[in-house]
1. Taking the conditions exactly as written (modelled with pLDDT under 85, surrounded by 18 or more Cβ atoms within 10 Å (Cβ to Cβ) and under 18 Å from Ala193 (Cα atoms)), does Tyr11 satisfy them or not?
2. Go through (1) out of contact with any Pro (no Cβ under 7 Å at 6 or more places or on another chain); (2) at pLDDT 85 or above for Val90 and report which single condition fails.
3. Have a look at Ala120, Ala77, Ala170, Ala109 and point out the one that is of a type outside the set (D, E, K, R), exposed (fewer than 13 other Cβ atoms within 10 Å of the Cβ) and at pLDDT 90 or above.
Amino acid sequence: MMPVSDRVKIYGTFLDELPTNEEYLTLQFSPARAPRNRRWKNYGMSADFLGDYFAQFFPGDELPGSKINRQDTARAAISYIANELLENAVKYSDVVADLPITITLQLYAEQIVIEVTNHASPKAVTRYQQFIETLLTSDLETLYSDQLEKTALGSGDSSLGILTMMKDYAAELGWRFQLQTLHPDVTRVQVMAQLKV
């Protein structure tokens, strides 16, 4: 963890300032406007839309030694990661604060950056930061196996989505937690996933 100030904590690989880019797309959701269970399908459809949209920037040629083409690979990676990040943001957002959830995708020459922002309660933030500290100090394979076992036993949050992003998609993850001045009872949580293209 890298404390930037008393109000900001950064973990992992979080880029505070990204270069200006003309190829980006941002979607915003308000978690308090409709019951989450009615809107859950919309988040998955939004992630699929982002995957379909950004896959068009990749050629459809096959990857060496594979029947899968680059476009399909990009679509699957973006859709999966966007969906996992959105689901986590929705699940852990503080609905009472009535602050939006946003997801932004930016396409660069050599990477795709996906950033999701939500606002969470102190209790949720503490649990999340504890998990991140464990994640960043553990062997990924061992942690993944342990989490699979927890899921099979039905004990606690699995966090398999984040682990799968890192293990299967080689995503570099970073987190930024910032206490809010206008809403001191919630913390702004930004999660950034970087994918090499």
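The values are calculated or read from the model by the stated rules, or taken from the named source; none is laboratory data. Because the structure is predicted, anything quoted here is derived from the model rather than measured. Note that we place each Cβ from the backbone using ideal geometry, even for glycine, and neighbour counts take in every protein chain shown.
1. Values: modelled with pLDDT under 85: no; surrounded by 18 or more Cβ atoms within 10 Å (Cβ to Cβ): yes; under 18 Å from Ala193 (Cα atoms): yes.
So Tyr11 fails the test.
2. Exception for Val90: condition (1).
3. Details: Ala120 fails: exposed (fewer than 13 other Cβ atoms within 10 Å of the Cβ); Ala77 fails: exposed (fewer than 13 other Cβ atoms within 10 Å of the Cβ); Ala109 fails: at pLDDT 90 or above.
The match here is Ala170.
Results for (1) among the hydroxyl-bearing types (Ser, Thr, Tyr); (2) over 14 Å from Tyr11 (Cβ atoms); (3) assigned to a strand (DSSP E or B), shown as yes or no for each residue.
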residue	(1), (2), (3)
Ile114	no, yes, yes
Thr117	yes, yes, yes
Thr126	yes, no, no
Leu135	no, no, no
Thr142	yes, yes, no
Gln147	no, yes, no
Asp168	no, yes, no
Gln190	no, no, yes
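Matching residues to (1) over 27 Å from Tyr24 (Cα atoms); (2) within 15 Å of the chain's Cα centre (by Cα); (3) of a type in the set (Gly, Ala, Ser):
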{"position": "Tyr92", "(1), (2), (3)": "no, yes, no"}
{"position": "Tyr108", "(1), (2), (3)": "no, no, no"}
{"position": "Thr137", "(1), (2), (3)": "yes, no, no"}
{"position": "Lys150", "(1), (2), (3)": "yes, no, no"}
{"position": "Val191", "(1), (2), (3)": "no, yes, no"}
{"position": "Val197", "(1), (2), (3)": "no, no, no"}
